[in-house]
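Worksheet: one structure, shown below.
We did not get these values from a lab; they are worked out from the coordinates using the rules stated. Being a predicted model, the structure only gives us computed values, none of them experimental. Methodologically, a virtual Cβ is constructed for each residue, glycine included, from the backbone with ideal geometry; neighbour enumeration extends over all protein chains shown.
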Amino acid sequence: MSHGLDVLARLAFWLVLAPLVPGIINKVKAWVAGRRGPPLFQLYFDLAKLWRKGVVLSTAVSPGHVAGPAIAWVALMSAALLLPLGPAGAILSFRGDALLFVYLLALARFCTAGAALDTGSAFEGMGAAREVSYAILSEAAVITALLTLAVQTGSLSLGAMLAPAAGPGAAVLAAGLFVVLLAENCRVPFDDPNTHLELTMVHEVMVLDHSGPPLAVILHGASVKLLLFATLLVQAALPLGQWPAGPAAGLLVISLLGVAVGVGLVESLLARLAFQRVPLLLTTAFILCLFALLTSWKASTSSEARQGAMNPAECRCSGTRAAHSAALPGESGGKRA
Amino acid sequence: MSPGPLLLVAFLGLTAGTAGCRRMRFWLVATLTGCASGLAAGAWALIAGPVWDWEPGVALGGQSVHLRLDAISAFFLVLLALLGGAGSLYASEYWADRAHPASAPPGRVWWNALLGFMALVLMSANGLHFLMAWELFAVCAYFLITRERHKREVRAAGWLYLAASHTGTLCLFAFFTSLASRTGSWELGPLRDRPDLAPLFWLALFGFGVKAGLFPLHVWLPSAHANAPSHVSAILSGVAIKMGIYGLVRFSGWLPVPEAGGWVVAGLGVASAVLGVAFALGQHDLKRLLAYHSVENIGIILIGLGFALIAAARGDAAWGCLALAGGLLHVWNHGLFKGLLFLGAGSVLHATGTREMSQLGGLWRAMPRTALLFGLGAAAISGLPPLNGFVSEWLVYLGLFEAASSRGPAAWAAVPAAILLGMTGALALACFVKVCGVVFLGLPRSAAAQRAHECGPSMRAAMMLLAAACVAIGLAPVLFWPLVIRTVAAWRPEWNAAAPSVPLTTLGIVHVALALMAALAVAVLGWLVRRNGLARAVTWDCGYAAPSARMQYTAGSFAGIITGWFAWILRPRTHAQPVVGLFPKRASLDQHTPETVLEDVVEPAGSMVMRLSTAVRRLQHGRMSAYILYLLAGVAALALLAVWGGAR
């Protein structure tokens, strides 16, 4: 019974809290620009409105155009439910669920890109092509990050991989995962969620022909994906497992907020990269994760258990430090497209 | 009770089908009976366990016939029988007498012979008979590939296949004769206490590797698979190339393997996986693209086998077992979804008459069931949950991650292998999004695609059979796990006790839940769309009033970013007539990915051999006096040799 309640509570967490993240990001952007910005709950209003609206479908599309977003949303929610939530742990934890997590994200990508190609629009074809191409590099980075955690903990389930203390390469890992977060969620400097030019978009252009409830599902799924990557990033970098439950939960929430603020700051301060530069930045993210892997490997082979000696105060700032190091490659290549 | 009677029925069924090849229905019933009893025999041997050994005391070629069906043979036999059955059912409609009056009946004979000889390869326990069956099945495949030999490209593909296949068979001759001369017998069996046999592994790797189509040896594979009739492509890709894997698994289990063997196999596997899918992305021909994905999936299988060999050499049973189990399960899975995809591609070819993706598009309207089944196969081959491809890739990943966590020397190979396997998965996903999108979605790009029609019931039934198997392994992997573990135990009996506990029950439950939730979500969203009201409009194309099908993104443009990254090996060739002036008359762009290994390595090597031979041929010119000089020089050389030899 309590297990059922637990599942419901988590479902509520992801369903209800996820749309808050884009709101926070937009507030931060508005604050930096000196504007008032849209309300914090704007996405909730949008979702509620879209949910009731009628649908305009292209004459070219198959039934898969509606099925795609639905399956993608289920895949993203399932991936989110596999993630542990700080002191609460995961609902379902088994050996190898980390890989299921990665492939559920791939399933979502398959459905979104397929639904985009369904319209026959060249713009959506471009967006889908970019999405699946950049995902190759970000998937390499995510697998490397998971390998890092697996080497650190000797475990293959997300619950056990993310629970213990942060490893010695936590800061580098956080930097790499932060870049992956920006790429996978199509934020600046990879993509501009506010752009109005179809030619230059990735995610937004794939959903041009969606409307009504399917668009609501896509927008909600995107916010879940953002929160999911932020949660992964925070738990991979911070030693939440070493803290008592209350402070750990607080720290989790605060650092999630921190990540959202970081994304907002990056978006305010950086220009979007030219498309040719995107693979370079993603390769940088991959290399950062690889360094984290090598560091934790080296540290764990040198026999003393150094993992416990990591200073929590040092790790707390890794969220902002991540934003900082992600900004570096962006600045060097930040030519306006 | 033993598999013997069932195998006899299978043999009789295939033979009766051969004899009655002119009567299609009779052939179909006989062949399906044969395949069903072959499947039953394989499943029996795999589930019940005891090795079936049969020595009738008849000699063939001076060697007494000896057939054996153990778990490894049975594992591959099950796949052969299932795909053979599905292919027969499909062929009855796809390669019907009406459309192909001259080539259909002989095609059925070669088909049955192919199935029979492949089964013999799997069961032969005698090296000589293994070679005979191997050669016969290769020849049968040649005649099946060249069913349409009035076409030049088909003849070229058949010739290339035959040449490559015989290069491999030559190595296998060397392998089996060396084995027989060192052991003194053609009988095959476990000989792991003979370390002097280890170097023979390299011969086997080359010989079986050519058949399996691992990366640099895959030159024959794309054109053969693309030009064969689709049911033949399905069995070639699903089963025939697995005979190479069978050979590697079989002899790496029975014979000692050199120290470097596992590393080389794993390295070749990684190269095949990444480069296979990179080449697939560059293809415009639907079936050629699928053929390159066979190279990729053989790579994934070899990663599993390679790490199992490394584990066996180092005595790490736990992750070796996982890697091999993943590789073996991928043998089944690849057979199932690649068979399904080739049959789907055959339906497209049947309905439109073209394999060029730039001519297709929007086929879901005309052939919704084929589109759905093909989409399922595409999701499965991209390794997406909740389908079977994910289960086997997940097992291989588990093996690699455990190897990496072990932090031994194997970890240095496991880390790059895991990362590259991840990239392979993402590349395959990109490729299959492209295929599904360009072929089945959007608008028809040609009149042929506009006139397409759904395929008939037999063709659909064959595809549904394979799709059902894909779904079954995906949703209930735990049911198939004991079979895989039994095969692993037959490979390394000492690993029997170390069989790892894998949470496949949990994975299966998650998969079922995922499938149910997805179905529910689709139903709810569909209902909501209908309730809220639905309007139709043209696709948004930046305000163009009259969008045309030619404005759609093409396969080449879709893959352009990735093929750009791999241009160092794909070497794409572009013929462009750029836009010139204010009112340009003509502009064109034609891009083509060549067969890099074939055109840049094999062909130059071949022409060098030809040049050398031509140079040597000048020695023969018909002048008697010069020939007498050769004779005298030869005799003098022999005499010198004799004198010199005698002096020593």
**Report entry** Helix B:317-352 vs. chain B, principal-axis angle (Cα, 0 to 90°, nearest 10)
**Finding:** 60
Requested in this report: Please report, in debye to the nearest 20, how large the charge dipole of chain B is about its Cα centre when each Lys and Arg carries +1 at its beta carbon and each Asp and Glu carries -1 there.
Outcome: 1700
**Report entry** Local electrostatic count, B:L162, Cβ distance below 14 Å [Lys/Arg +1, Asp/Glu -1]
**Finding:** +2
Query raised in the report: What number, in percent, do you get for the relative contact order of chain B if the mean sequence gap of Cα pairs under 8 Å and at least 6 apart is divided by its residue count?
Result: 12
Query - Peptide ranges B:234-244, A:52-62 listed from the most packed, as the mean C-beta count within 10 angstrom indicates - result: B:234-244, A:52-62
Query raised in the report: Taking one equal scatterer on every alpha-carbon of the protein assembly as shown, how large is log10 of I(q)/I(0) by Debye at q = 0.06, 0.10 1/Å?
Result: -0.45, -1.19
Requested in this report: Sort the stretch B:416-538 into rounded, prolate or oblate with this rule: let a ≥ b ≥ c be the square roots of the eigenvalues of the Cα gyration tensor; rounded if a/c is under 1.5, and if a/c is not under 1.5, prolate when a/b is larger than b/c, oblate otherwise.
Outcome: prolate
**Report entry** Projected area, mean over directions - the stretch B:366-405, Cα convex hull, nm²
**Finding:** 2.7
Requested in this report: Kindly express, to the nearest 10 degrees and within the range 0 to 90, the angle between helix A:170-184's C-alpha long axis and the longest C-alpha principal axis of chain A.
Outcome: 10
Query raised in the report: Farthest toward the dipole's positive end in chain B, which of B:G207, B:Q283, B:G581, given Cβ charges of +1 (Lys, Arg) and -1 (Asp, Glu) about the Cα centre?
Result: B:G581
Report task. Give me the net charge of B:R369's neighbourhood, meaning all other residues with Cβ under 13 Å from the Cβ of B:R369; Lys, Arg count +1, Asp, Glu -1. Result -> +1
Query raised in the report: Gap in Å between the Cα centre of the stretch A:98-124 and the Cα centre of the stretch B:62-105?
Result: 36
Query - Theoretical ellipticity at 222 nm over chain B - DSSP helices of four or more residues, -39500 (n - 2.57) apiece, nearest 500 - result: -23500 deg cm²/dmol
Query raised in the report: Mean separation of Cα pairs under 8 Å and 6+ residues apart, divided by the residue count of chain A: what relative contact order is that in percent?
Result: 27
Query raised in the report: HN-Hα J couplings of the stretch B:522-531 from phi, Karplus 6.51/-1.76/1.60, θ = phi - 60°, integer Hz, Gly and Pro as x?
Result: 5, 5, 5, 5, x, 5, 5, 4, 5, 5
**Report entry** HN-Hα J in Hz across the stretch A:61-72 - Karplus 6.51, -1.76, 1.60, θ = phi - 60°, x for Gly and Pro
**Finding:** 7, 9, x, x, 5, 8, 5, x, x, 5, 5, 4
Query - Positive dipole terminus of the stretch B:263-526, leading residue within B:A467, B:A448, B:L372 (C-beta point charges) - result: B:A448
Query raised in the report: Given the C-alpha centroids of the stretch B:237-254 and the stretch B:266-286, what is the distance between them in whole angstrom?
Result: 20
Report task. May I have the extent of the alpha carbons of chain B along their three principal axes, as whole Å values ordered from largest to smallest? Result -> 102, 68, 61
Report task. Kindly identify the stretch B:204-280 as rounded, prolate or oblate by the Cα gyration tensor criterion: order the square roots of the eigenvalues as a ≥ b ≥ c, call it rounded if a/c is under 1.5, otherwise compare a/b with b/c, prolate if a/b is larger, else oblate. Result -> oblate
Query raised in the report: Which semi-axes, in whole Å and largest first, does the equivalent ellipsoid of the stretch B:263-526 have when worked out from the alpha carbon gyration tensor as the square roots of 5 times its eigenvalues?
Result: 35, 20, 15
Report summary line: Between B:G362 and residues 5 or more places away or on another chain, the pairs with built amide H atoms under 5 Å apart involve B:F440, B:L441, B:G442, B:L443
**Report entry** Highest to lowest packing among B:453-460, B:112-119, B:185-192, scored as the average C-beta count within 10 Å
**Finding:** B:112-119, B:453-460, B:185-192
Report summary line: With +1 on the Cβ of every Lys and Arg and -1 on the Cβ of every Asp and Glu, the dipole magnitude of the stretch B:263-526 about its Cα centre, in debye rounded to the nearest 20, is 520
Query - Environment charge at B:A380 (Cβ cut-off 11 Å; Lys +1, Arg +1, Asp -1, Glu -1) - result: 0
Query raised in the report: Karplus couplings for the stretch B:420-429 from phi (6.51 cos²θ - 1.76 cosθ + 1.60, θ = phi - 60°), rounded to Hz, Gly and Pro as x?
Result: 5, 5, x, 5, 4, x, 5, 5, 4, 4
Report summary line: Relative contact order of the stretch B:263-526 (C-alpha contacts under 8 Å, at least 6 apart) in percent is 24
Query raised in the report: What are the residues whose amide H is under 5 Å from the amide H of A:L57, where those residues sit 5 or more places off or on another chain and H is modelled from the backbone?
Result: B:A535, B:R536, B:A537
Query raised in the report: Pairing the Cα long axis of helix A:278-301 with the longest principal axis of chain A, what angle in degrees results, from 0 to 90 and rounded to the nearest 10?
Result: 20
Requested in this report: List the residues whose amide H sits under 5 Å from the amide H of B:L589, counting only those 5 or more places along or on another chain, with H placed 1.01 Å from N in the peptide plane.
Outcome: B:Q577
Query raised in the report: Hey, what's the Kirkwood Rh for the stretch B:146-238 if you take every pair of different alpha carbons, in angstrom?
Result: 14.8
